[in-house]
Amino acid sequence: MAAVLGISGLYHDAAAALVVDGRVVAAMHEERLDRVKHSAALPERAARACLAMAGIDAKALDAVVFYEEPFAKFERLLGWLVQTFPRAPSYFARSLRQQLAKKLWVLDELSETLGVPRSKVSSREHHLCHAASAFFVSPFEEAAVLTVDGVGEHTTTAIWQGRGATLERRFSLEFPHSLGLFYAAITAYTGFEVLDGELKLMALAAHGTPRYVGELSRVLHLGADGDFALDARYFDAFTDTELGFGAELERLLGPARPANVPWDLARSPDDRRYADIARSAQVLTEEALLGLARRARREVAADALCLAGGVALNCTATARLAAEAGFSRVFVQPAAGDAGGALGAAILRALELGDPRPAPLGSPALGQAIDAGAGADLAERLGLGVSRPPRPFERAAEILARGGLVALATGRGEWGPRALGFRSLLARADDTGVRDAVNRRVKGRESFRPFAPSVLEANADALFHHVGADMTPFMTTVCRPRESALGELSGVVHVDGTSRLHSVSKERAPALAELLAEYERSTGRRALLDTSLNGAGEPIAGSENDAVAFFATHRAVDALLLDDVLVERRPR
Amino acid sequence: MTDFALRVLRRARTSLALFGYFLKPDRFFLVPLVVVVLLAGALLAASAGLSRVAPFVYTLF
Amino acid sequence: MLSVHSFFARLFAPLVVRDSGRAAAMLTRFARTELGNSLVMRWAAATTTSPVRRAAYLRHALDEERHARFFAARARKLGAPSRRLVADADDVFRLLGERRFVAFVHRAEARGQREFEAYERGFRAAGDAKTAAVFALVLRDERRHVEYSKDFFAELGVGRTTLAWVTAWEAVRAAQRSASVVFGALHFCVMLGLYAALVPFSLVARQRSRRKGAREVSARSVALFER
């Protein structure tokens, strides 16, 4: 019977997760609290919030576990800097500075910050934490687990056998041969910010044709049996957060795209070239993942596959894996990236301390709850109109039906980077004009990026070829709409004919389920455009403060639902 | 003992552990480098804890 | 110490104001500062137990975010490169407690107001009415910030002692920041020396990896290319 706190942090996507007596009690991203997107801090706020949610004091913790081995990481960094000398002195200086300032002492910092004895603070291997974060909350008793990311300490890719409460490594690849770093390099080449732009690259890929697979195959050699290798000639330096692609890559592909230049796929042949490169990178990555998944199928005699690591957030790839890798079921938990490592670390230690394996992940609502009363008070003080209508979802459905935007902030916040009905911005899904308004006036994203639909579980099969049903409740895969449904889904289908479907059940997301049902009752439409509750460049809303602030700042949004409290603008 | 002294002591202990981690056959040759790097790290202690930009201070240059 | 900085800022403002490159860089820095300020105010709003002050801090945070957008937009017009602003700040509310925090905000905003008034005059005198207008817009909010923070003095018990304490604290932080610049420079020199020290280790490392042998990967990617 143990209380274990897992921590991920100091690189990007810091998070904390709390497992008590084998149950996942709370999990939060630091960015939702410190309001810095992809926060790389030590997640003190998230840790304290998790403890508060469970009603326990830090002194009552049996263990605190960090999602990476600091010494092993430092060793690899030092070894690699020595090997690549004399290249990249600036990377050298920056990396070492980060190690010396914070990263080597992370276990001491955690002990001091949380007031937990140093003897109770430990670390676990990065990829093992990834594997644990997926397998141990999956619905499978036995599964193959594939972890793919930029790099942990040394490992970039691993195949595991998951059985009951154990994980056994079967295969791994080491730095610098990394799919995550390859994808990050092309992300940087295309002018996007690394660790934030990979999703943009994936969206851009759908607009291109894979004309550059040959060239990129020289950068990423795919071998037999899931093996692959990066050709170091195309990179100037390799650290875990900074990948310096070199002049050689530009000789191969043409000049890199400068950052922050507006995109024009319709009129710019250069931008179309980048789309083709993106598509080629996506194809190669998918092929690499398929190779690994097929190897996993052979190595591990299991019918189910779990995926984790940053690359698992590539939902276009997970769809291909679900269709072609030969597994009957595929599972990716919502926080598949580094934040998930916190959960994996906590579960690993809990198992070591004798607690049972957690139940399969039900609702992703593991964060802090909305205080609707406090939110109502705040909204009033900010000059907004507050009411408690008898049927708030009816009112919301009305607004949505006429093309308005409704912000929904209810219950506990989601685990993972996707809005899953607790911190969502909703609009009708069948109107591209409304979709464009959402983008232009609220999200400020590149026009080539699609929006995604939320659909009641009961309607998913009617509207989509619903594959990957273990993933759609968490928006970690894409599906194709049925021909007959295209009219209802015109605002939420990507140019390649897929949608990142969110399949909604009453058990997992009660408020959104009720709203979808009400919307269908009044309009006959069965889908809503569902995007995260945040403006451009900011993290998803966490508390009622963030939700009200978002509503106050974005005048294009017509209403905010804070649980059953309706916030609207007062007539001038 | 002051908080600061305790912090230093804990990190000294971690440094020793790091040193020990490198005292293995295939890492052994990096040991002198580790020692030098740690000494350089001591210089960073003074600037710990401050954000890069001071809040509410508008610098001219 | 910061009022000294303020004095010199106003003294040297003309140097920046007449050079659009320097002005653009300065406005970008101001945008970053405003973003940091908004974080500080959001954290304060999340931590205070008073609903009245929470609303005030959040309103202040949203103002600072708006200022950041104004400064960044004007900086871009003056030729600053378009780059995403990353905020970073100290949790001043947690460091000082609410009483001293409110005193800090009041003093900081009053100082900012004086400086921005000087910049507004300076840019107007230099013929750049648009940049002057940005400062005028921001100043409207700054004046409100100075007032509302003062309104909380009574209920929080902010008096001369508190204000003096905050002044001293700010001076110490400014000194710490200057010191860390020096240490940073020293650290840079040490890193340079370290980098030179890498040479023998690099040679040893290369020998060892040559002995281990390079990894071969069969060319499945060639098959893809030929598809």
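Taken together, the values in this text are just the output of simple stated rules run on the coordinates, not laboratory data. In this text, all values refer to a predicted model and were calculated from it rather than measured experimentally. With ideal geometry, Cβ positions are generated from the backbone for all residues, glycine too; neighbour counts draw on all protein chains shown.
So if I average 1/r over every pair of distinct C-alpha atoms in region A:179-332 and take the inverse, what Kirkwood radius in Å does that give?
Values: mean 1/r = 0.0625 Å⁻¹.
In region A:179-332 this quantity evaluates to 16.0 Å.
At an R0 of 35 angstrom, the distance between the Cβ atoms of A:SER268 and A:ALA224 translates into a FRET efficiency of 0.35.
Restricting region A:473-526 to GluC sites (Glu not before Pro) that sit in a DSSP loop and have at most 14 other Cβ atoms within 10 Å of their own Cβ leaves A:GLU507. Contact order, relative form, for chain C: 21 percent (alpha carbon pairs under 8 Å, 6 or more residues apart, mean separation divided by residue count).
About its Cα centre, the dipole of region A:152-241 is roughly 280 debye, where the only charges are +1 on Lys and Arg Cβ and -1 on Asp and Glu Cβ.
Within 10 Å of each Cβ of A:377-384, how many other protein chain Cβ atoms are there on average? Show your work: numbers first, answer last.
On the way: counts 4, 6, 1, 2, 7, 5, 2, 0.
Whole-number average of other-chain Cβ neighbours for A:377-384 is 3.
When the charge dipole of chain A is built from unit charges on Cβ atoms (+1 for Lys and Arg, -1 for Asp and Glu) and taken about the Cα centre, the candidate among A:ALA396, A:VAL65, A:THR190 whose Cα reaches farthest toward its positive end is A:ALA396. Two numbers describe the Cα atoms of region A:283-356: Rg and Dmax, which are 13.7, 43 Å. Classified by the C-alpha gyration tensor, chain C has a prolate form. Its axis ratio a/c, with a ≥ b ≥ c, is 1.5 or above, and a/b is larger than b/c. Three principal axis extents describe the C-alpha atoms of chain A; from largest down they are 66, 60, 46 Å. Taken about its Cα centre, the protein assembly as shown carries a charge dipole of about 2180 debye when Lys and Arg each add +1 at the Cβ and Asp and Glu each add -1 at the Cβ.
Under a 5 Å amide H cut-off, with hydrogens placed 1.01 Å from N, A:GLY246 pairs with A:PHE235, A:ASP236 among residues at least 5 apart or on other chains.
Please determine, in degrees from 0 to 90 and to the nearest 10, the orientation of helix C:51-77 with respect to the longest principal axis defined by the Cα atoms of chain C, where the helix direction is its Cα long axis. The angle comes out at about 60 degrees.
Summing +1 for each Lys or Arg and -1 for each Asp or Glu among the other residues whose beta-carbon sits under 9 angstrom from that of A:GLU112 gives 0. When the Cα gyration tensor is reduced to axis lengths a ≥ b ≥ c, the ratio a/c is 1.5 or higher for region A:318-434, and with a/b not above b/c it is classed as oblate.
Placing +1 on the Cβ of every Lys and Arg and -1 on the Cβ of every Asp and Glu, with nothing else charged, gives region A:179-332 a dipole about its Cα centre of roughly 460 debye. Hull volume per residue, based on the alpha-carbon atoms of region A:367-568 and their convex hull, is 104 Å³. For the pair region A:167-240 / region A:102-143, the C-alpha centres are spaced 27 Å from each other. Helix C:20-47 sits at what angle to the longest principal axis of chain C, using alpha carbons and giving 0 to 90 degrees rounded to 10? Value to nearest ten degrees: 80.
Taking Cβ atoms as reference points and 14 Å as the exclusive limit, the residues near C:THR162 contribute a net charge of +2, counting Lys and Arg as +1 and Asp and Glu as -1. Which shape class applies to region C:143-207: rounded if a/c is under 1.5, otherwise prolate when a/b exceeds b/c and oblate if not, where a ≥ b ≥ c are the square roots of the Cα gyration tensor eigenvalues? Verdict is prolate for region C:143-207.
If you add up the charges near A:THR523, with Lys and Arg at +1 and Asp and Glu at -1, over every other residue whose beta carbon is less than 13 angstrom from its beta carbon, what do you get? Numbers along the way, then the final one.
Values: positive: A:ARG402, A:ARG428, A:ARG521, A:ARG525, A:ARG526; negative: A:GLU394, A:GLU398, A:ASP430, A:ASP431, A:GLU488, A:GLU518, A:GLU520.
Around A:THR523, the charge tally is -2.
Using just its DSSP H runs of length 4 or more, each adding -39500 (n - 2.57), chain C gives a mean residue ellipticity at 222 nm of -29500 deg cm²/dmol after division by all residues. Structure remark: mean-square fluctuation, Gaussian network model of chain C, C-alpha springs under 10 Å; the largest value among C:LEU194, C:LEU203, C:LEU35 belongs to C:LEU203.
Between 0 and 90 degrees, the angle of helix C:129-151 with respect to the longest Cα principal axis of chain C falls at about 70 degrees.
As a footprinting exposure proxy, order A:CYS315, A:CYS129 by other Cβ within 10 Å, with the fewest listed first. List each step's numbers first, then the result.
Values: A:CYS315 24, A:CYS129 29.
Ranked by crowding around the Cβ, least crowded first: A:CYS315, A:CYS129.
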